[in-house]
Structures are given as C-alpha cells and as structure tokens.
Amino acid sequence: MSYRGRFAPSPTGPLHAGSLVAALASWLDARAHGGKWLVRIEDVDQPRCIAGADREILRQLAACGLLPDEEPVWQSQRGALYQAALDKLVAQDLAYPCACSRKDIEEALRAQGHAKERHGELVYPGTCREGLHGKAARAWRFRVADGVTQWTDRRLGEQSQDVAAEVGDFVLKRADGLFAYQLAVVVDDAAQGITHVVRGEDLADNTPRQVLLQRALGSATPAYLHTALVLGASGEKLSKQNGAAALDVSDPRAAVLAAAAVLGLEVDGADLGDVLSASVRAWASRWP
Ligand code: GLU
C-alpha cells in the first residue's frame, strides 16, 4: 500500500497555531512513512470562506517547509463528484429528501418530549424518512441504520458511537444547495486515494459518520490518527471562530518548534530544515 495523506483546511481565515499542528502532524506522518502529502482546500461551505484565505494558507505552509506533493484541489470545483455520490446513495435508498426546517425539527422533538442536541445540532427525529408528506424537499439526508459503529484510532484506541441515537440521519446536501462536509470529505478522501487521515481531535466525533458513508459508497476506510488540540488560555479550542491569531511565519523555525512541542516531540535544530528532519525522526519512533 502506498501511503497518501492530506491536510484539509477550511479557508475561513489564515492558519493559526492550532491548524499548523494539524498540518505538521499530517505532513510528519506522511514523511515518516515515505508517503505523499496532499493539501485539499475545503471550501464547500462558501458562505463561511474568506476570499484569499486559501492562498494565504498555502503561503504559510510553504514558509514552514510544508510543500504538497501534488497540486492542491479545491472542493468548490468538485460538486459533480459529490452529486454523483449522492445519486448513488439515493439509488440505494440510503439517502432521502427532507422537507423539515429547523423549526419543524424542534417542534417534532418537543412533541416526542425530548430535544437531544449534539454540538448545537439537533438529533433528526426521522420525520421525512418514509416520505415528504406532500411538502417540498429542502435537504438530503443519509439514512443511518441502527447499531453501534466501531473504529480504531491510532492515538485514541478503540472508539464507538451509536450514530442513529447520537446524531440521527445527517445532512448530505443542505437546503441552500451546498454539499455537507461529511459527504465531501468522504468522497474526496476516496477519490484522492487517501490511506491515512491525521487531523485534530475535535474532528474525531465525525469519524463514525464518515465510516458509515465510506461503507455505503464502497470506499475503503483510511487509518485515522486524531492529534491533541492546542487550547487557548481559558482551555477552549483555538479556532478562527473564537478569534485565534493568524500564525506568524516570520520565524518559521519557531512556529514549527511550537507545533512539534504540542505534538509531544522533543526536538531542536539550528534551522527549519533541521527541525523538520528531527521531527520526522521523532514522529516515526512515536507513531510507527
Ligand atoms: N476542513 C476541516 C477543518 O478544517 C478538516 C477536515 C478533515 O481533516 O477531515 O476543520
């Protein structure tokens, strides 16, 4: 098997200290395995993207010595692939149209006497599973079968989630016509032949949904490693949404050393090249 890894930033702003950790971890794992490292710009959610952030991210990565082995791809140009995957799921009755607004979902959950939420997302009560009841389709959802989905993370170990109970039938194509992250990421990881996914632990919770989609689409499940996150001063996850500062790459050696320290790598080096080589060696012995 030839190793293919990727870093998949959403261009909602420039890289910050936390996203450099994810980028570096995925790059180190690819280098430690003698594999290829790809960059995919995840700009499916166009309203959240910031013009020029994609180029800025690529510039910051390059300044830190992280150069993709193939031309980057942009999800906004890959809609036909996502639609083909959705069509395939619809043909198998694994995806269905949904007419519910958020208000409809809230009301249905209230009528059932419970409103389960997961990260601000309501667990879909299944209103449109058996048909639209004469209403117009707004979104498309994945039909989640009952049962527990298990997967193994190289760092977190054995993981499991009851997706039907904890998430419900999740959205594949949104009411605004945009494809959901879950579908796009699975289609692209398969289309790009990704064998290893290394990304931040905040995304671990999405993995069972992605595993279900891989199975439904007949794609291989890559190996997963979810890294520790950089936390802000008050313990919250660093993110563009909570105003993390753009990564300063005027001293790339210092930026990479800081990211390596978050990954638990005790390395040093006179220049950026030395720090990167030492980090590859340290990573290889830690995550064979
Ligand atoms: N685009 C996602 C993000 O920036 C990452 C997706 C992934 O690595 O699977 O949070």
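Provide, as a two-decimal number, the C-alpha radius of gyration of the chain over 2.2 N^0.38 Å, N being how many residues it has.
1.05
Test of understanding: what is the full-extension gain from ALA191 to ARG154, defined as 0.36 nm times their sequence separation minus their Cα-Cα distance?
Working it through step by step, the gained length comes to 11.0 nm.
GluC sites (Glu not before Pro), restricted to region 134-213: which are DSSP loop and have at most 13 other Cβ atoms within 10 Å?
Hits after loop and neighbour filter: nothing returned.
List, largest first, the extents of the alpha carbons of region 150-288 along their principal axes, each in whole Å.
The Cα atoms of region 150-288 stretch 51, 35, 27 Å along their principal axes.
Order of VAL262, VAL148 from fewest to most other C-beta atoms within 10 Å?
Least to most surrounded, the residues fall as VAL148, VAL262.
Given the DSSP H assignment, sum -39500 (n - 2.57) over each helix run of at least 4 residues in the chain and divide by its residue total; what's the result at 222 nm in deg cm²/dmol, nearest 500?
Helix-only estimate at 222 nm: -11000 deg cm²/dmol.
What's the FRET efficiency of GLN112 with SER234 using the Cβ-Cβ distance as r and R₀ = 41 Å, to the nearest 0.05?
0.70
Report the label-to-label distance for LEU67 and ILE50 in nanometres (one decimal), using points 7 Å from each Cα along the Cα→Cβ vector.
With each label point 7 Å from Cα toward Cβ, the separation is 2.7 nm.
Loop-only check: which GluC sites (Glu not before Pro) in region 15-73 are DSSP coil with at most 13 other Cβ within 10 angstrom?
In loop regions of region 15-73 (DSSP not H, G, I, E or B), the sparsely surrounded GluC sites (Glu not before Pro) are GLU70.
Count the lysine pairs in the chain that are 8 or more places apart or on different chains: how many have C-alpha atoms under 29 angstrom apart?
Step by step, the pairs that qualify in the chain add up to 15.
Bear in mind that the values in this text are calculations on the coordinates, not laboratory data. Remember, it's a predicted structure, so these values are computed and weren't measured experimentally. Glycine also receives a Cβ, built like all others from the backbone with ideal geometry; neighbour counts cover every protein chain displayed.
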